[in-house]
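Worksheet: one structure, shown below.
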Amino acid sequence: MELKVELVPERMPVVVAFAESAAKSAGLAAPETTMLALSTEELFLALCSSIPGAGITVRFQDRRYAADLLFQVPQPPDLRIFNITSRPDHETEEGLAEMGLFLASRACDQFSIRQMELGGWEIMLRKERNYPAPVQQSQPHPAVQTWQLTTSPAPDLVKQFSALIADSFAACQFPEEFTPPGRLLDKLASNEYGIILAQGEQGELAGGLIWHADEGRMVACFGPYLAAPTEPEQLTIALCEKLTEQFGRSNRLGLVLYAPQQPPVAAGFEAAGSLAIPGGTIWTGYRMLAEEFGADAAVATELMPFYTDWCSSMALARNIRAYHDDGETANGLTLFATRLNRSTGMARLTPLLVGRDAEAVLEEHLQLLDQEQFSAIYCTVDTGRPFDALLAPHLLKRGFTPRMLVPWGGTGDLIHLHRAGGSR
Amino acid sequence: MNLCNLEALVPQYVRQFEAYIPSPPDDELQQMFGCSRLIRMNNNENPLGPPPAAAAFLQSFDPALVSRYPSGDCRPLRARLADYLGVTPSQVILGNGANEVIAFVIKAFCQQGDNIVTADRTFAVYEWIARFSGVDARLAPLNDFGFDEEGLLARVDSRTKLVFICNPNNPTGTWWSRDRLIRFMERLGPNHIVVLDEAYAEFMDQPDYPDGISLLSRFPNLIIFRTFSKMYALAGLRIGYLVGTEQVTDIVRKTAIVYSVNTLAQSAALAALGDQTFITATRSLVQEGQQMLAAQCAELKLPILTSDCNFAMIKLPFSDTLAYRLLMQQGYMVRTMTGFRFPGWIRVSIAGREAMQGFCTALSRLVHSRTDQSPLAKVYGVF
Ligand SMILES: Cc1ncc(COP(=O)(O)O)c(C=O)c1O
């Protein structure tokens, strides 16, 4: 479904009606539909005041577990409005526009902005479906000696797996979207997610893992989550190898594993750092899929020890240039793509443009996120984009620490920095 | 031009396809990985260099000749090959490497909606060319590292035009015997073309290894691929060929690119063909190298697949792509097998004695150095 419309306030009812019918066709219940319509209203008004009269395309994507509305804006509006920072100024129209975006982001589950490959910007509003709480308790898991792997398990086995995760692992050890079972099944049906399960001889669940291949060149993988195998190491290795095999001849460059327990090296993952999330820390592993030929990397002096240590530990061939701010002209302004997940309290900032105002813009974002009680904030800098290095000192000053390296995660390598709530 | 329009011009199956990135030149790699020399053991090349007659030809080549086009259909070479192989010249079609010949065949027989059938863990180019031509590639899992007759047959349907059998298989070195091939051909029937890729045929020294060409009269739906890149060490000149019945080659000739095989390649191949002394020398070098690898792997307790071919596959107890980077730092370039759907394996091409010794030492050092815990674990709080 697609709607082409001009950015004039009179067209708002059309856009809202489009959002509502999209939400309904995706099976969202009335409250979620209303929230999505509300976000749409706010976003549309904000865009109208930013680039009045421009023609935009609104697309709807049914993800089964969620409805996405994608607003594609051809030319860059005043990009600052995409920085969903607070301090809405009620006195001026501009201030109201900013406020609108802020509200829009509040009523939906995910709000993000990205620059499209072929030009223009895309703003996404995602509203997720609500799922009933699980009734089924995890069944006891008998010890399994031999197993078979399946990548297209019966729904009931997936439900058992969801129950296993929920019952046997701490909340911080798995993404909340793997429960309840209905949501996990819908995620798998969306084809962005996949699953590998191991079953014993009687068909009993022995364990499994889940992957998520969204846009980008990496695949995020979670697990393995094991029931009670007699050879946990062997099962872990088998699951990880199956996963790697699946993406071996694909256009993906690497796998990033978020593991409840560090797998044995024979599983093929290298340590990549760790992820601090509300409630705990997760071991992260990296698996390069391709043969790499080395790369140039621009890194802020402040991040140099972290980066060089990891490059040597991961045997990455890098021509590293220390990027130092010598006051040269950067982009005019700083822009973050922001991805918010209110239910987990996690926020991810991805710098799209880094300019001289980086420090101020970052500060505004952090203030807003703190007010809104986001307890874990993540930011990445890309060694393939020299201006990202300008941002690094400000991140470090504001309590971020480098935690994880994902080679080839962006244009170059991605350094993940984390800031736990209140750690400023 | 507006880029949005460009996108609209590109077929979906091309858009989805990821271009293959070949490795940069040695000097760039050496600089990047900090090694003073680089030994390539990733492309199954022949370390002896071309046979003497081909080398002599190349040395005496008159540069003035390159201003003229080569023979457009490699006539002198086809005549010589026909004689050597016991077929007629029109049964032979040459290409710019066997890779190009794969494309000729797929273009000649397949249209969108058709499919090809091959193994999941074999030479990738069949699958790639099919996919970027909008043709479905159906992949049968290997069975015990070899092509699986049942799995292949189960995937064949009325839209299957081509079945690719890599014999011996790159990267596992496994091969079908003559009887097994005949049984497969009989079960498959005459309604599909079977491509036997015999890129490594000249390395095979087994009594029941089949010469596909000798089966053409019995199975006219066979096409055989050969190359001058492997045994004959002419990889840099890019020349390979196919042999089929005249009925079949008359069709493939329509999609073959004329003039795509250059003058040097044609003449060097002519000079190289059938040098038995050279073939024997290469085989014994390969045998010695395989033995060295096998002994080293036995000592390190690493599973290894050896064969008559000039490569072996080794299973490592850690990531193959990490092993690749660490071996590069020591100046050895191997092929990672994750891209062949064999995670944790590397494929090593047999090199000369000194290089093999150096590689065995590097491998041993690598395996001993990988311990479970990264030293960074403590520093950055990784548990
Ligand atoms: C099985 C197989 N077929 C075909 C080829 C392509 O050979 P050429 O260099 O003639 O293109 C190769 C090269 O690696 C191969 O291994």
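Read-outs: derived from the displayed coordinates by stated rules, not from any lab. This structure is a prediction, so every number in the text was calculated from the model and none was measured. Cβ sites come from the backbone with ideal geometry, for glycine too, and all protein chains shown count toward neighbours.
Other chains' Cβ within 10 Å of B:31-43 residues: what's the mean? Provide the component values of the computation, followed by the final result.
On the way: counts 3, 9, 6, 2, 1, 0, 0, 0, 0, 0, 0, 1, 0.
Going residue by residue through B:31-43 and averaging, the value is 2.
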Item to check | Alpha carbon centroid spacing (whole Å) that separates segment A:379-424 from segment B:170-239 | outcome: 53 Å
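Which net charge results for the neighbourhood of A:F44, defined as the other residues with beta-carbon distances under 12 angstrom from its beta-carbon, given Lys and Arg at +1 and Asp and Glu at -1?
Working: positive: A:R11; negative: A:E6, A:E10, A:E41, A:E42.
Residues near A:F44 contribute -3 overall.
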Checklist entry - At a Förster radius of 45 Å, what calculated FRET efficiency corresponds to the Cβ-Cβ distance of B:A53 and A:R321, to the nearest 0.05? => result 0.35
Checklist entry - D for chain B, whole µm²/s, Stokes-Einstein with Kirkwood Rh over alpha-carbon pairs at 25 °C and 0.890 mPa s: what number? => result 110 µm²/s
Next on the checklist: If you take each beta carbon of peptide B:325-338 and count the beta carbons of other chains within 10 angstrom, what is the mean?
Outcome noted: 3
Next on the checklist: I'd like to compare B:355-361, B:148-154: which one has the highest average count of other Cβ atoms within 10 Å, and what's the full order after that?
Outcome noted: B:355-361, B:148-154
Next on the checklist: Treating segment A:264-316 as a set of equal point scatterers at the Cα positions, no solvent, please give the Debye-formula log₁₀ I(q)/I(0) at q = 0.16, 0.20, 0.26, 0.30 Å⁻¹.
Outcome noted: -0.64, -0.92, -1.15, -1.20
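Ordered by packing density, taken as the mean number of other Cβ atoms within 10 Å over each peptide's residues, highest first, how do B:333-342, A:140-149, B:55-64 rank?
On the way: B:333-342: 23.5, A:140-149: 15.0, B:55-64: 10.8.
Ranked from most to least packed, the peptides come out as B:333-342, A:140-149, B:55-64.
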Checklist entry - Of the lysine pairs in the protein assembly as shown, how many meet both conditions: Cα atoms under 16 Å apart, and a spacing of 8 or more in sequence or different chains? => result 7
Next on the checklist: Quick check on chain B: helices-only [θ] at 222 nm, where DSSP H runs of length 4 and up contribute -39,500 (n - 2.57) each and the sum goes over total residues. Nearest 500, please.
Outcome noted: -12000 deg cm²/dmol
Checklist entry - Any idea what the dipole of the protein assembly as shown comes to, in debye rounded to 20, about its Cα centre with Lys/Arg Cβ at +1 and Asp/Glu Cβ at -1? => result 1320 debye
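With Cβ to Cβ distances under 14 Å as the rule, what net charge do the other residues near A:P393 carry (K, R +1; D, E -1)?
Numbers: positive: A:R356, A:K397, A:R398; negative: A:E302, A:D325, A:D326, A:E359, A:E363, A:D388.
My count for the surroundings of A:P393 gives -3.
So for the protein assembly as shown, considering every pair of alpha-carbon atoms, how many percent are separated by more than 55 Å? Can you show the working numbers first?
Values: 57789 of 325221 pairs.
Beyond 55 Å sits 18 percent of the P(r) for the protein assembly as shown.
If you scale each eigenvalue of the Cα gyration tensor by 5 and take the root, what three semi-axes come out for chain A, rounded to whole angstrom and sorted largest first?
Details: eigenvalues 262, 171, 64 Å².
Working from the Cα gyration tensor, I get semi-axes of 36, 29, 18 Å.
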Checklist entry - Per 5 Å bin, what percent of the C-alpha pairs of segment B:273-340 does each bin hold, from zero upward? => result 3, 15, 18, 24, 18, 10, 7, 4, 1
Item to check | From the C-alpha gyration tensor of segment B:95-210, square roots of 5λ in Å | outcome: 21, 17, 13
Checklist entry - For segment A:255-302 and segment B:1-51, what is the separation of their C-alpha centers, rounded to whole Å? => result 25 Å
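Please list A:256-267, A:45-56 highest first by mean number of surrounding beta-carbon atoms within 10 Å per residue.
Numbers: A:256-267: 21.3, A:45-56: 18.4.
Per-residue mean Cβ counts within 10 Å order the peptides as A:256-267, A:45-56.
Let me check I've understood the local charge: for A:R287, count other residues with C-beta under 12 angstrom from its C-beta, Lys and Arg +1, Asp and Glu -1. What total comes out? Write down the numbers at each step before the final one.
Details: positive: A:R252; negative: A:E241, A:E245, A:E270, B:D320.
Combined, the nearby Lys, Arg, Asp and Glu give -3.
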Item to check | Shielding by partners - mean other protein chain Cβ count within 10 Å, residues of A:260-266 | outcome: 4
Checklist outcome for this item: At the level of C-alpha centres, the distance separating segment A:183-213 and segment B:107-167, in angstrom, is 28 Å
Item to check | Extent along principal axes [Cα atoms of segment A:295-420; Å; largest to smallest] | outcome: 41, 32, 22
Checklist outcome for this item: In Å³ per residue, the alpha-carbon convex hull of segment B:52-272 encloses 117 Å³
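Considering all alpha-carbon pairs of segment A:148-288, what whole percent are spaced by more than 28 angstrom?
Working: 885 of 9870 pairs.
Summing the P(r) tail past 28 Å for segment A:148-288 gives 9 percent.
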Checklist outcome for this item: Computed from every Cα-Cα pair in segment B:151-273, P(r) in 5 Å bins starting at 0 and rounded to whole percents is 2, 10, 19, 21, 20, 15, 8, 4, 1
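Okay, helix-only estimate at 222 nm for chain A: each DSSP H run of n ≥ 4 adds -39500 (n - 2.57), divide by all residues, round to 500 deg cm²/dmol; what do you get? Kindly include the intermediate steps, with their values, before the conclusion.
On the way: 9 runs with 124 residues, N = 424.
Rounded to the nearest 500, it is -9500 deg cm²/dmol.
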Checklist entry - How long, wide and thick is segment A:190-254, going by the Cα atoms along their three principal axes, in whole angstroms, largest first? => result 37, 23, 16
